[in-house]
Every structure is written in C-alpha cells, then in structure tokens.
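Please read the structure below before turning to the comments.
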Amino acid sequence: MTDFDHILNWTLKRGSHPFPGPDGGTCINEAALVACGFPYQSVRSPNEMPLCFSRPICRLALHLNDEASDAERLRLIPFVTRLACADTPEIEEERAAYIRARINLDSFYLPHVSLTDGIRVLEGALAIGRQADLLALDDVAARLDAARAKTAPAASKRASVSQKLKAWLGVSEKEPSAA
C-alpha cells in the first residue's frame with residue numbers, strides 16, 4: 001500500500017498531520033479539504049481552512065475529532081463533506097453562539113463532551129444558514145481516484161473509493177431486479 005492510500009481510506013486521526021500522516025490518517029478538516037477538491041494541507045486551526053468552510057463548524061468538528069477515540073471518530077466521517085458551508089458574518093456568529101451555548105470552546109480547559117452530544121450540537125449548527133453543496137459520492141471518489149492516479153503506482157485489488165464512501169455513508173447499491 002502506498003502512503004497516499006491511507007487518505008483514500010479516510011482514517012480520521014487526532015491532531016494535524018503531514019500528508020498522508022505517519023499513522024495513515026488525517027483530521028476531519030484535512031479530509032474535508034481533499035473531499036471538496038482542495039489540495040491537501042495540514043490544518044492546525046479552523047482559520048487555515050479556505051473561506052468557503054464555516055469557521056465555527058470547523059472548530060467544533062476539530063474539537064470533536066481530537067476528543068474522540070479512534071473507534072468513535074469513525075462516526076464523524078459523514079460530516080466530512082458538510083463543512084464547506086460558510087455563510088454571512090451574521091450567520092457565522094449565530095452558529096458560533098449556538099455552539100458556545102452548548103459547548104464552551106473558549107475556556108482555558110477545553111471541555112470533554114460525549115461524541116453523541118457533540119454530534120447533536122454539530123448537526124444543530126449545520127442546520128443554521130447555508131448548507132454545504134451536496135457532493136455526489138462519485139464526484140468525491142473521482143477526486144480521490146484522480147489524486148491516487150497522480151501519486152500511486154499500479155493499485156492492487158481493493159474496493160474502489162466510491163464503494164468505500166458508499167459503505168461509510170450507508171448508501172447501498174440498488175439491487176438488480178429479476179425479470
């Protein structure tokens with residue numbers, strides 16, 4: 001397996017990582033960059049994200065990503081394609097206030113919040129204002145496949161990126177109808 005294949009498997013890890021990370025993973029914000037068609041970059045702060053990403057939502061996603069266990073972190077994968085939803089300054093402040101009322105990310109000691117509660121807050125914040133453009137799984141898979149083709153030698157037999165994304169997001173293939 002090449003180093004790049006790790007990002008294609010989207011192993012979410014705690015902290016920021018040089019691409020693709022010595023442990024084969026990236027944080028949720030780094031994965032979102034690639035999924036949305038941006039070149040990979042290490043992300044240590046939501047302020048390093050492109051302007052189309054909501055700062056309060058990326059900040060919360062990063063906190064949840066870093067606080068979750070490796071097993072729990074898999075529950076954040078469906079949110080990877082939803083972070084590029086920046087809106088007007090007023091809406092961004094409303095999102096920040098919504099999050100702050102539920103989880104104080106401004107305190108000196110960051111609070112521990114269960115991932116279930118954190119995801120509820122993330123979903124609530126995502127419901128405010130503009131929604132991220134829906135990315136077709138095939139589009140995301142094509143971006144990742146194109147990146148793989150540029151950097152990886154001949155790929156061994158594995159499930160395609162499209163198949164992996166569909167499995168992660170709970171999308172099933174249509175059953176062929178028997179005639």
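The values are calculated or read from the model by the stated rules, or taken from the named source; none is laboratory data. Since this is a predicted model, take the numbers as computed values, not measurements. Note that each Cβ is placed from the backbone with ideal geometry, even for glycine, and that neighbours are counted across all protein chains shown.
Quick check on my filter: what residues within the stretch 112-131 are under 14 Å from A61 (Cα atoms) and in a loop (DSSP other than H, G, I, E, B)? H112, V113, S114 - these are the residues of the stretch 112-131 that are under 14 Å from A61 (Cα atoms) and in a loop (DSSP other than H, G, I, E, B). Scan the stretch 39-56 for residues that are in a loop (DSSP other than H, G, I, E, B), within 25 Å of T88 (Cβ to Cβ) and touching a Phe, Trp or Tyr at 6+ places or on another chain (Cβ under 8 Å) and jot them down. Once the filter is applied, which keeps residues that are in a loop (DSSP other than H, G, I, E, B), within 25 Å of T88 (Cβ to Cβ) and touching a Phe, Trp or Tyr at 6+ places or on another chain (Cβ under 8 Å), the stretch 39-56 yields only P50. Among the residues making up the stretch 28-74, those that are of a type in the set (D, E, K, R) and free of Cβ contacts under 8 Å to residues at least 60 places away in the same chain are E30, R44, E48, R55, R59, D66, E67, D70, E72.
State yes or no: is A96 assigned to a helix (DSSP H, G or I), at pLDDT 60 or above, over 22 Å from Y40 (Cβ atoms) and in contact with a helix residue (DSSP H, G or I) (Cβ under 8 Å, 6 or more places away or on another chain)? Yes, satisfied. Residues of the stretch 44-86 that are surrounded by 17 or more Cβ atoms within 10 Å (Cβ to Cβ), charged (D, E, K, R) and at pLDDT below 95: E67, E72, R73, R82.
Would you point out which residue out of R102, R82, R95 is basic (K, R) and touching a Pro at 6+ places or on another chain (Cβ under 6 Å)? Walk me through how you get there before you give the answer.
On the way: R102 fails: touching a Pro at 6+ places or on another chain (Cβ under 6 Å); R82 fails: touching a Pro at 6+ places or on another chain (Cβ under 6 Å).
Answer to the check: R95.
So which residues in the stretch 1-43 are β-branched (V, I, T) and at pLDDT 70 or above, if there are any at all? It would help to see each step written out before you state the result.
Step one: list which residues in the stretch 1-43 are β-branched (V, I, T), which gives 2, 7, 11, 26, 28, 34, 43.
T11, T26, I28, V34, V43 - these are the residues of the stretch 1-43 that are β-branched (V, I, T) and at pLDDT 70 or above.
Only a single criterion out of (1) farther than 26 Å from G37 by Cβ; (2) modelled with pLDDT of 65 or more is not satisfied by R143, namely (1).
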